[in-house]
Ligand SMILES: [Zn+2]
């Protein structure tokens, strides 16, 4: 199908350069409606990564400034091209058939491919088809685990997409038993990237599966080593910064990734050392267990932000831009593309700094999400995180509702955006309110507070916050 130079025979004998954005866009364009749906699925997946699933994938795609729907690839691929940029190519029909769960799986898989490429640079490893298989096994094991899935996504024809790590392990077990050797259990088998490789090497006949992933299709995807190096290093650096800043998701993902490269040699040990792994390992998390309300907020917020239907996409804009040869990513910066979260903090009662700090790491650093901060008591006061917020007397929720809905001016200015989600942090003691769109309101009620919003008519998302070691 493809040649070593990163060109791809794209049907009818044509060859297309996977780094030529114009050619990719022009290549047998898909139906604009399919492109639009695929685009929306991709955006939804990236938001989920940013908010709860994977800091690594979120940052990687933030660095892929060009994200192009094209029929020139059968599935999806991250391409690192010679001009120092990264591109995400995805087949729109493939994405639409997969649905959101499948798209997340594939995008996370592709992100991990680029990171793996960065971690294991040795030529001898890379040209070994057994290492290619080992890579697929470890990547899919991680993706399934982190996304909380038990099965690979399925195609329209109900075929599993990708290499099933458990199926490979079953074949390995049979092969070793037939040789009179003792196989490792699945959990031992998948411990590190190199343990999978080493164990597969013990087989008489390591399986050579059909190329399900574009990366397995020869050397078809351009992976300029300098670009891979730079982008992956930047991604890991950003994730480390988030992890050290208290983001638990980033921390666990990074510790897991570091653990998987155990035994990978001096280069990897040095790389992790330079990134600051020791500090991350040595740091005692402020809270040992992830509190349930945090988990609840992450999921609730993600579901509020994900509903694509709430966004107005100019019809066929993607297709028009493509036809004009414009970068479809330009539209990402338009105001209709960014999700708006308003966080309103009640300063009239006792407010834990820890909660505010945690909210800052949750919503303050997510790609594609714009966060506005508000403190309130009797008055409403926008603020910037880090500023000292002083509380006054009295509490008035209606002022916050009026401000969020654009009716109340503060300092001569009205809030002219429509928030996709409003997070209220309060003890709940004030006259009750009914916002115009109660579905977008999320109430975090502090200790000893009143959880009236959950029994209000209509009810609103509401959860009690517990802090400290309670
Ligand atoms: Zn793959």
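So here's what we get for this one:
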item	result
Whole-number percent relative contact order across segment 7-275, with pairs defined as alpha carbons under 8 Å at least 6 apart	21
Computed log₁₀ I(q)/I(0) - Debye formula, equal Cα scatterers, no solvent, segment 7-275, q 0.12, 0.13, 0.16 Å⁻¹	-0.74, -0.87, -1.32
Fewest-first ranking of 454, 405, 226, using other Cβ atoms within 10 Å as the exposure measure	226, 454, 405
Estimated D of segment 408-470 in µm² per second, where Rh is the Kirkwood radius over Cα pairs and Stokes-Einstein applies at 10 °C, 1.306 mPa s	122
Beta bridges per DSSP with both ends in segment 7-275, % antiparallel, nearest 5	65
Dmax and Rg, reported as Rg then Dmax, of segment 85-140 (C-alpha, Å)	13.2, 37
Rounded Å value of the spacing that divides the Cα centres of segment 188-211 and segment 408-470	51
Fraction of beta bridges assigned by DSSP in segment 17-115 that are antiparallel (%, nearest 5)	55
Potential extension, residue 208-residue 466 segment - 0.36 nm per residue separation minus Cα distance	87.7 nm
Exposure proxy order (Cβ contacts within 10 Å, fewest to most) of 241, 40	241, 40
For segment 152-243, the fraction of alpha-carbon pairs in successive 5 Å shells from zero, as %	2, 11, 15, 14, 16, 17, 14, 8, 3, 1
Exposure proxy ranking, count of Cβ atoms within 10 Å, fewest first, for 83, 193, 31	83, 31, 193
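Each value in this text was obtained by applying a stated rule to the coordinates, not by laboratory testing. Just so you know, these numbers come straight off a predicted model, no measurement behind them. A quick note on method: Cβ atoms are made from the backbone with ideal geometry, for glycine too, and the neighbour counts reach across all protein chains shown.
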